[in-house]
There are 2 protein chains.
Amino acid sequence: MERPGLAPTEDFRPMERPQMDVRRRVAIERVSPEIDGGRFAIKRVVGENVVVEADIFADGHDQLACRILYWQGTEREPQSSSPMVPLVNDRWQGEFRVTKIGTYRYTVEGWTDRFKTWRDDLSKRIAAAQDVQVELLIGAELIADTAKRAADADSELLREWARRLHESAEKESGESIALEEELLPLMERYPDPNLATRYEKELRITVDRPKARFSAWYEIFPRSCSPEAGHHGTLQDCETWLPYIASMGFDVVYLTPIHPIGSTHRKGKNNSVVAESDDVGSPWAIGSAEGGHKSIHPQLGTLQDFRQFVSRVEEHGLEVALDIAFQCSPDHPYADEHPEWFRKRPDGAIQYAENPPKKYQDIYPLNFETADTLALWDELKSVFQFWIDQGVRIFRVDNPHTKPLSFWEWVIGEIKGQHPEVIFLAEAFTRPHVMLRLAKIGFSQSYTYFSWRNTKQELTEYFTELTQTDVREYFRANLWPATPDILPQFLQVGGRAAFMIRLVLAAMLGANYGIYGPAFELCENAALAPGSEEFLYSEKYEIKHRDLNAEESLRDLISRVNKIRKDNPALQSDRRLRFHETDNPLLLCFSKSTDDLSNVIVVVVNLDSFNKQSGWVNLDLSSLGLGTDHAFQVHDLLSDGRFLWQGPRNYVELTPGNLPAHVLRVLPQDSYGAEF
Amino acid sequence: MERPGLAPTEDFRPMERPQMDVRRRVAIERVSPEIDGGRFAIKRVVGENVVVEADIFADGHDQLACRILYWQGTEREPQSSSPMVPLVNDRWQGEFRVTKIGTYRYTVEGWTDRFKTWRDDLSKRIAAAQDVQVELLIGAELIADTAKRAADADSELLREWARRLHESAEKESGESIALEEELLPLMERYPDPNLATRYEKELRITVDRPKARFSAWYEIFPRSCSPEAGHHGTLQDCETWLPYIASMGFDVVYLTPIHPIGSTHRKGKNNSVVAESDDVGSPWAIGSAEGGHKSIHPQLGTLQDFRQFVSRVEEHGLEVALDIAFQCSPDHPYADEHPEWFRKRPDGAIQYAENPPKKYQDIYPLNFETADTLALWDELKSVFQFWIDQGVRIFRVDNPHTKPLSFWEWVIGEIKGQHPEVIFLAEAFTRPHVMLRLAKIGFSQSYTYFSWRNTKQELTEYFTELTQTDVREYFRANLWPATPDILPQFLQVGGRAAFMIRLVLAAMLGANYGIYGPAFELCENAALAPGSEEFLYSEKYEIKHRDLNAEESLRDLISRVNKIRKDNPALQSDRRLRFHETDNPLLLCFSKSTDDLSNVIVVVVNLDSFNKQSGWVNLDLSSLGLGTDHAFQVHDLLSDGRFLWQGPRNYVELTPGNLPAHVLRVLPQDSYGAEF
């Protein structure tokens, strides 16, 4: 099979001697983190550390020296290095901090350290009372050689050292000159580049702004924001909701699509295939005579209104996220202007969406296998660019798993190359490898299977995989208890307590989480039909009018949860999530902490929305920085209660109707007396 | 730090659209086997299969088709392919056989299969009783398109099919034409190359001759072969040993170094630093006025004698292995001719070998960090070539871990490029990563830690690592119960039974194994000192004269063991080694089998050389191809005893003084009645 255009693989070039310095004796293997042999970048946010490990060794018994090299993507060569130290079994470790948004690169370098080897050998010889005169002369040569590589002042210093050592080689003082404390670090500053092996790969880091790692999202249908029932809400109406959303402590206001909606084959209420004349249609059926992906639905307002909304959102300390759904209604201008971007049926019509035998005649999928793909890619990129120009920096991408992976890798690379601050959330609910691949190729955050993980075993296994394996290097989970498409059974049957349980789990397990509001805080849980996860009278097909001050609202709990998240850095990352045993399968216990253990949170959740559950948790105290037999105070940040716990085993009892979870801050052991 | 000469890394080229066909939608990940991201070749012998797996997936829900591409190193492009089938969770698997010695390459290719997708969808539509007229027209177009890519006869066939389908699209018969059995395989023969993603790496296989995987080695000091005590043996004397060695069933006669031995600082008996005038010196102190690595010690004979010896060895169905030890005595011609290949001390002398504070003044190590390294590399390569020209095809390389890894990768690549039949055995006893790296860079076989692995836990863990992880793809263990350098404690204290135990373990756990003879079969176990692993009166420093017919000789047991190995293909590979539980920590039970389970061997060894041990083994029957509740016969190939076993739990009892092991061939379940 012919392979036009794809450049040949070059990493299998046979080793030709002229291409390397044959004196390099160090081998570097199993560098970590490294995703798929370096094919993909790892992710960090500004201010985070990157801990790098590698197996580094050479023939023989010489001492090695190793370091990390790292640099920003704008530089061509390493600009900084960080030392590595040996762990056990030829494994080395070092770390560095990323301080700027954008791309970084890192690699590893190791070399045989002749001076350190010589110095250690010298100590052994001296201990064995051997004559070391010749050895001292060898050392003097090594120092003089290094002087040639050293910077001016150091060079002078080393030349002098070599001279002194050479002169006193026959005297007792030679040994002490050779072993002087200041000499070793000075020598190590100037390794011989001809002996240094650099790892053959340059590994990449995508460094995002902190919100990529820590964010609370609030999803709304703008047309439901009208203060008057039965009216189509506008972007200006949405502004009146901002104090409410901000007061709950959210960071991101995510708008479902705001574009003109098609009328051909428009869906009616409850996804009916026949719409009434007053049905508003699904915001995801994008495009009409009034415009497509770069237009605003006239009933919502104007582009001017949108820009003003973006400003207002910022004034409330929030940020807008826009929904990008690359699909078209039959009325989208693309259908006329670019029929070549769609698949044509033999009868001349454009092919509508299908999942045979189901048909979705209100949607035309784009045909990414068209001969004109490059023009299509460029146009879709320009959609992102258009909204960036209106001030948007966060995109929630609808169904990315039904468009080519190579397109996303390209378009995200292009956009982030110009705007590294942009955050992309992948709304993919599909097979595991596709979910992970979307994260690898650049999505900043990802929806997860959280919505369907309810039991202790399911939650423990899934979040251990996401946070304690290589997956954590590139996949940032964003946890949603429900979405307009997904009303999980657990919420349908579990009542208000179920919403509380899933809220606490999402917000505590995930540094990124979101809710579909106000449906969520009002505990809306009527399903279209038994066994269905569709909402009854789904907001996807009609305008909603709700009482935000309803008594059953979880608004206060949500506000408390978001404040706890903001006050406790332990909850702002998922890397140090760990689960602790409980003796009751309906009690889930986990902890998060900062790297330095200065902030430690233990969460215990009753997974049963109907019954009180009690039992013993068995904490892994060392992971919390606690000694095994001391008492320590825990402060329940949800209830404001305080408990004195002791050792690993402690009793908990949680009543779902009241508060189904403890969110316990562990207070420093020496402070509980004062604070209690 | 400057990096002269090393080409830039190219696998991080940003994805540029013109370099790929943007319609390729398939992603390929986690290809297995793949060693260190494809940096190193896997190993096979002629006739073996390579099972390849990969995660292969695309966006959306289209059907995929996948295959392995493979070709010999002499070809530039894939010449063959093998289909892959889906396992679970987007994992695909296929296999192919390597039939020629040398290098192979393989990679993986996957594409969206439009026709299969269309065909499956059509079936769903038909089942839902939908009108499929337009669908049939779409199918006719697909077939007509494919006809353009197809070979002459097939093209004609497909054009006709398209025409028939198009014509009858409106009739009932259209559906049956579309689903005709012959059409699908015909269509699958001509995938659209523009849609096919090829994995970005071409992975390598080093294909060796079968002896690289299955061999029994017998190590001798040629100078000890004289029929007369006190005489220096010759190569002609060695010929008289060949019937003895062949009768025991060995494949390889490994000669310790046969070169002239230096006299400066020659070591005396028991490694004494002062030699007596009649001391013969260590064969590893290579080089004298009579020559170096390309010369034969005059007392052993001439080059003519050596070539004759090689012929005689072949006549006995054996093969010579030569010891290659790249180090020099102070009298080696290199010291005069190439002083630049050694490190010079400030006093002008050449630096002798050291492990401070220990000094080895009889050895000059080569200095691989010399400026003249390339000339040194070329000379050392010519040593291999010299002995290849004399008929040698197997080299046992002494202490490779004290010479640069890059040198070995280069020299093995050079030699095997010309002589792919050459086998290199790495005699490295050093840190784990260095051991493994030597195998990765090309050594065909490797010494192991077997000599120091005695307990059930040690043996189980170590051989599980070697045979059930990726290590097995490149590291071929060669197991030695003892060597001239290593007389393990277990043999020192355990008497004859200990030798029997270690023989059976080496020969059964390892498809490659070797003994240091005749010391081993004569159960020589006197150590130089308590705690030492050196032999007393080591053959390294003096000539030995032994009675090969001594009563205590293990010759008969060794013959039986080697015959069992040759008769049973299960024992000729390590890939299907698995351990089975026993309820006695001193009983080790393991099995080996052929891939098709036609030959299954269960070995039970009493690890206690002093006491009878008994207990129950608990077999994993499914791994042996046995049902859970049937009786089956096992035939002890060592004792010729037969037992009727039933189910997983069976009783064993082994007396070390008698036979400390069962080597049980599992007979087919339906044959035991006839054979018993």
Item to complete: Filter the range B:102-120 down to the residues that are more than 11 Å from every other protein chain (Cβ to nearest Cβ) and assigned to a strand (DSSP E or B), then identify the one that is farthest from B:D208 (Cα to Cα).
Response: B:G110
Item to complete: Return a yes/no flag: does the range B:130-140 have any residue that is small (G, A, S), touching a helix residue (DSSP H, G or I) at 6+ places or on another chain (Cβ under 6 Å) and either assigned to a helix (DSSP H, G or I) or within 30 Å of B:I205 (Cα to Cα) (or both).
Response: yes
Worksheet item: So which residues in the range B:388-419 are outside any helix (DSSP H, G or I), more than 22 Å from B:E315 (Cα to Cα) and hydrophobic (A, V, I, L, M, F, W, C)?
Response: B:V397
Response to the item:
Of those in the range A:243-286 that are aliphatic (A, V, I, L, M) and not in a loop (DSSP other than H, G, I, E, B), the residue nearest to A:G317 (Cα to Cα) is A:A246
Fill in: Exclusive hit being more than 14 Å from chain A (Cβ to nearest Cβ) and surrounded by 16 or more Cβ atoms within 10 Å (Cβ to Cβ), set B:I177, B:I205
B:I177
Worksheet item: When A:R502 is evaluated against the numbered criteria (1) under 25 Å from A:C589 (Cα atoms); (2) of a type outside the set (G, A, S); (3) in contact (Cβ under 8 Å) with a residue 24 or more places away in the chain, which criterion, by number, is the only one it fails?
Response: (3)
Response to the item:
Restricted to the range B:10-53 and to residues being within 7 Å of chain A (Cβ to nearest Cβ), in a loop (DSSP other than H, G, I, E, B) and buried (at least 17 other Cβ atoms within 10 Å of the Cβ), the residue modelled with the lowest pLDDT is B:D11
Fill in: Residue ID - farthest from B:L179 (Cα to Cα), chosen from residues in the range B:121-157 that are of a type in the set (S, T, N, Q) and more than 13 Å from chain A (Cβ to nearest Cβ)
B:S155
Worksheet item: When residues of the range B:476-508 are filtered for being surrounded by 20 or more Cβ atoms within 10 Å (Cβ to Cβ), in contact with a strand residue (DSSP E or B) (Cβ under 6 Å, 6 or more places away or on another chain) and of a type outside the set (A, V, I, L, M), how many remain?
Response: 4
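Condition check ((1) outside any strand (DSSP E or B); (2) at pLDDT below 95; (3) hydrophobic (A, V, I, L, M, F, W, C); (4) closer than 30 Å to B:V50 by Cβ) across all residues:
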{"position": "B:N478", "(1), (2), (3), (4)": "no, no, no, yes"}
{"position": "B:R496", "(1), (2), (3), (4)": "yes, no, no, no"}
{"position": "B:V504", "(1), (2), (3), (4)": "yes, no, yes, no"}
{"position": "B:I515", "(1), (2), (3), (4)": "no, no, yes, no"}
{"position": "B:E524", "(1), (2), (3), (4)": "yes, no, no, no"}
{"position": "B:E533", "(1), (2), (3), (4)": "yes, no, no, no"}
{"position": "B:H545", "(1), (2), (3), (4)": "yes, no, no, no"}
{"position": "B:R560", "(1), (2), (3), (4)": "yes, no, no, no"}
{"position": "B:K566", "(1), (2), (3), (4)": "yes, no, no, yes"}
Item to complete: Output the residues belonging to the range A:431-459 that are crowded, with 18+ Cβ neighbours inside 10 Å and either at pLDDT below 95 or of a type in the set (S, T, Y) (or both).
Response: A:S444, A:S446, A:Y447, A:T448, A:S451
Item to complete: Could you tell me whether any residue of the range B:657-671 is among the charged types (D, E, K, R) and surrounded by 17 or more Cβ atoms within 10 Å (Cβ to Cβ)?
Response: yes
Discussion item. Looking for something in contact with a Lys or Arg (Cβ under 7 Å, 6 or more places away or on another chain) and at negative phi - is there at least one such residue anywhere in the range A:254-265?
Written reply: yes
Practice prompt. Answer yes or no as to whether A:K440 is charged (D, E, K, R) and over 21 Å from A:D36 (Cα atoms).
Written response: no
Practice prompt. Can you tell me which residue within the range B:357-379, out of those that are under 15 Å from B:H338 (Cα atoms) and hydroxyl-bearing (S, T, Y), is farthest from the other protein chains (Cβ to nearest Cβ)?
Written response: B:Y364
Worksheet entry | Contacts under 8 angstrom Cβ, first residue in the range A:302-314 being aromatic (F, W, Y), partner in a helix (DSSP H, G or I), 6 or more apart | A:F306/A:L235; A:F309/A:L235; A:F309/A:Q236; A:F309/A:C238; A:F309/A:E239
Worksheet, complete the sentence: In the range A:80-101, residues that are outside any strand (DSSP E or B) and either within 12 Å of chain B (Cβ to nearest Cβ) or of a type in the set (K, R) (or both) total 4
Worksheet, complete the sentence: Per the filter on the range A:560-598, residues among the polar types (S, T, N, Q), in contact with a strand residue (DSSP E or B) (Cβ under 7 Å, 6 or more places away or on another chain) and farther than 30 Å from A:Y244 by Cβ are A:T582, A:N584, A:S591, A:S593
Response to the item:
Scanning the range A:649-658 residue by residue, those of a type outside the set (G, A, S) and at pLDDT below 95 turn out to be A:P656, A:N658
Discussion item. Condition check: among the polar types (S, T, N, Q), touching a residue at least 12 places away in the same chain (Cβ under 8 Å), touching a Leu at 6+ places or on another chain (Cβ under 7 Å) and outside any strand (DSSP E or B). Does A:T74 satisfy that?
Written reply: no
Discussion item. Can you tell me how many residues within the range B:615-624 are within 15 Å of B:D595 (Cα to Cα) and exposed (fewer than 15 other Cβ atoms within 10 Å of the Cβ)?
Written reply: 2
Response to the item:
Considering residues that are more than 20 Å from B:K440 (Cβ to Cβ), in contact with a strand residue (DSSP E or B) (Cβ under 6 Å, 6 or more places away or on another chain) and among the acidic types (D, E), the number found within the range A:28-76 is 1
Discussion item. For the range A:420-446: of the residues being in a strand (DSSP E or B) and aliphatic (A, V, I, L, M), which is farthest from the other protein chains (Cβ to nearest Cβ)?
Written reply: A:I423
Worksheet item: Which of the residues that make up the range B:609-661 are closer than 25 Å to B:G494 by Cβ and of a type in the set (S, T, N, Q)?
Response: B:S609, B:N611, B:Q613, B:S614, B:S639, B:T655, B:N658
Worksheet, complete the sentence: Of (1) outside any strand (DSSP E or B); (2) touching a residue at least 40 places away in the same chain (Cβ under 8 Å); (3) not aliphatic (A, V, I, L, M), A:K592 satisfies every one except (1)
Worksheet item: Does B:G73 satisfy being more than 21 Å from A:V434 (Cα to Cα), surrounded by fewer than 22 Cβ atoms within 10 Å (Cβ to Cβ), of a type in the set (G, A, S) and at pLDDT 95 or above?
Response: no
Worksheet item: Which pairs do you get when a residue that is more than 14 Å from every other protein chain (Cβ to nearest Cβ) and crowded, with 23+ Cβ neighbours inside 10 Å, found in the range A:390-419, comes within reach of a residue that is part of a helix (DSSP H, G or I) and of a type outside the set (F, W, Y), reach meaning Cβ atoms under 8 angstrom, with the pair 6+ apart or on two chains?
Response: A:I394/A:K211
Discussion item. I'd like to verify a number: residues in the range B:77-104 that are touching a residue at least 40 places away in the same chain (Cβ under 8 Å) and touching a strand residue (DSSP E or B) at 6+ places or on another chain (Cβ under 8 Å), how many?
Written reply: 11
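The values are calculated or read from the model by the stated rules, or taken from the named source; none is laboratory data. As the structure is a computational prediction, the values presented were derived from the model and not from experiment. Neighbour counts are summed over all protein chains in view; Cβ atoms, including those assigned to glycine, are modelled from backbone coordinates with ideal geometry.
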